[in-house]
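The values are calculated or read from the model by the stated rules, or taken from the named source; none is laboratory data. Quick caveat, the model's predicted, so the values are computed rather than measured. Cβ placement follows ideal geometry from the backbone for every residue including glycine, while neighbour counts extend to all protein chains displayed.
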Amino acid sequence: MDDDFELGREHAQRRDDAANVTLRDRFYLPDDLYLDGNSLGPLSTDAEDNIHHVLDEWRELGIRGWTEADPAWFHYGERLGERLAPMVGAREDEVVVANSTTINIHTLVGTFLDRCGREGRGQKVVVNDLDFPTDHYAIRSQLRIRGLDPNDYLIVVESQDGRTVREEDIAAALDIYDDVGIVFMPSVLYRSGQLLNIESITDIAHDHDAYAGFDLAHSVGAIPHSLAENEVDFAVWCHYKYLNAGPGAIAGLYVHRDYHGETPALAGWWGHEKETQFEMRTTYTPAHSAGAWQTGTIPVLSAAPLLGVLNIVDDVGIEQLREQSVALTDYLMYLVDERLPECSVGTPRKPDERGGHVAVEHEEAYRLTEALKERGVVGDFRPPNVVRLCPSPLYVGFEDVWNAVEHVRELIDEREYEQFEGRDGGVT
């Protein structure tokens with residue numbers, strides 16, 4: 001935690017004056033204080049411009065856009081993958097933009113379960129109880145398809161405090177079950193914001209002869225990764241959070257080069273090798289890259305915003321974005337401690353143990369979230385007691401964080417949140 005923080009607004013303004021990261025003028029912010037970029041990032045002028053660029057290509061080129069557009073639509077997923085590869089620490093052919101996050105979990109977990117079966121490895125999958133639900137839905141489905149009872153083959157590591165996952169508990173699960181084939185963990189827990197150590201968990205998995213896969217939905221675009229260097233086997237993520245590519249934007253995936261040429265569990269024609277794809281063979285030949293895990297034709301209009309947003313990220317650099325994110329979340333936690341004694345911080349304090357959002361805990365979190373929205377301060381609620389606030393460094397500054405905390409202070413002092421109906425266990 002930065003020891004130089006001060007409580008007054010003037011301090012926040014000085015911090016903003018000294019910062020050189022925020023690019024607020026390149027974003028359309030729908031509310032006075034938009035602190036929900038870890039759920040859905042706002043539209044940027046760069047994304048908007050690239051959508052218009054693709055629309056112009058469609059209008060002017062028609063079907064020729066598949067080969068004559070810039071970049072050619074036929075290779076759009078691969079070209080975006082090349083742009084994203086440095087951000088996640090991968091080689092260019094190890095990343096592709098394709099499908100949805102859930103579909104990518106299906107096809108990659110399914111692929112590696114099949115490898116486990118062929119190699120004589122166990123086929124149990126280790127996850128944790130704080131995962132985003134879709135991860136478990138997809139994995140249980142892939143187990144059922146293979147005739148494996150999820151109640152027996154999905155091993156759920158239990159959190160000790162409802163906030164964090166401990167590496168020693170992951171290792172203990174692998175010690176207990178000697179037939180684990182895959183460890184699949186998030187990089188950042190969606191509720192508390194805990195950042196897991198990908199390198200360490202990968203080593204634990206490999207030491208137990210299991211594959212290591214990760215859901216990077218809450219870290220891509222906010223935290224630099226070193227997937228190839230850490231020998232991660234596979235990973236999935238979305239682009240509508242910190243990368244601001246639009247609601248339901250096309251997702252991304254990484255597959256280590258060692259597995260290129262593998263037949264995906266969900267094979268589709270867009271993952272066929274490009275050289276012979278239009279020979280329309282009935283026998284599938286996978287692309288010798290991460291591109292093999294594409295299924296259907298890339299939705300170019302859905303992918304176009306991402307290409308624009310990457311220009312913004314490249315202008316700043318992912319390392320500098322992370323540095324600013326750490327400073328903003330440090331400041332937010334400092335203000336919660338100093339100004340909101342009725343609240344607690346459910347996010348780890350150490351920068352290398354947290355992602356880009358902060359879990360502010362209060363027994364009336366749902367009603368506080370609703371009252372904040374009424375004031376134009378947009379965060380989100382996660383049960384049972386969390387107001388998630390995300391100071392995305394691209395468009396949120398220190399004064400914004402100060403203002404948000406002051407709004408919470410006023411809502412509590414004036415009991416204004418009591419005007420809003422309560423909600424038990426729901427998700428906004």
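For this structure, a couple of remarks:
- A count restricted to the stretch 246-269 and to residues that are in contact with a Gly (Cβ under 6 Å, 6 or more places away or on another chain) and among the aromatic types (Phe, Trp, Tyr) stands at 0.
- Within the stretch 257-297, the set of residues being buried (at least 22 other Cβ atoms within 10 Å of the Cβ) and in a helix (DSSP H, G or I) comprises Gly271, Ala290, Gly291, Ala292, Trp293.
- Those residues of the stretch 18-41 which are over 15 Å from Leu389 (Cα atoms), touching a strand residue (DSSP E or B) at 6+ places or on another chain (Cβ under 8 Å) and in contact (Cβ under 8 Å) with a residue 40 or more places away in the chain, in sequence order: Arg26, Phe27, Pro30
- Flag for Tyr254 being of a type in the set (Ser, Thr, Tyr), under 26 Å from Leu130 (Cβ atoms) and part of a loop (DSSP other than H, G, I, E, B): no
- Residue selected from the stretch 72-84 under the condition in contact with an Asp or Glu (Cβ under 9 Å, 6 or more places away or on another chain) and surrounded by fewer than 21 Cβ atoms within 10 Å (Cβ to Cβ), by the criterion nearest to Gly221 (Cα to Cα): Arg83
- Residue within the stretch 149-172 that is closer than 22 Å to Pro384 by Cβ, at pLDDT 95 or above, among the acidic types (Asp, Glu) and in contact with a Ser or Thr (Cβ under 7 Å, 6 or more places away or on another chain) present: no
- Residue check, Leu253 in contact (Cβ under 8 Å) with a residue 24 or more places away in the chain, within 22 Å of Phe184 (Cα to Cα) and aliphatic (A, V, I, L, M): yes
- Residues in the stretch 42-53 that are touching a residue at least 12 places away in the same chain (Cβ under 8 Å) and either out of contact with any Pro (no Cβ under 9 Å at 6 or more places or on another chain) or under 10 Å from Gly308 (Cα atoms) (or both): Ser44, Thr45, Asp46, Ala47, Glu48, Asp49, Asn50, Ile51, His53.
- Some residue of the stretch 342-354 being hydroxyl-bearing (Ser, Thr, Tyr) and either farther than 26 Å from Leu243 by Cβ or out of contact with any His (no Cβ under 9 Å at 6 or more places or on another chain) (or both): yes
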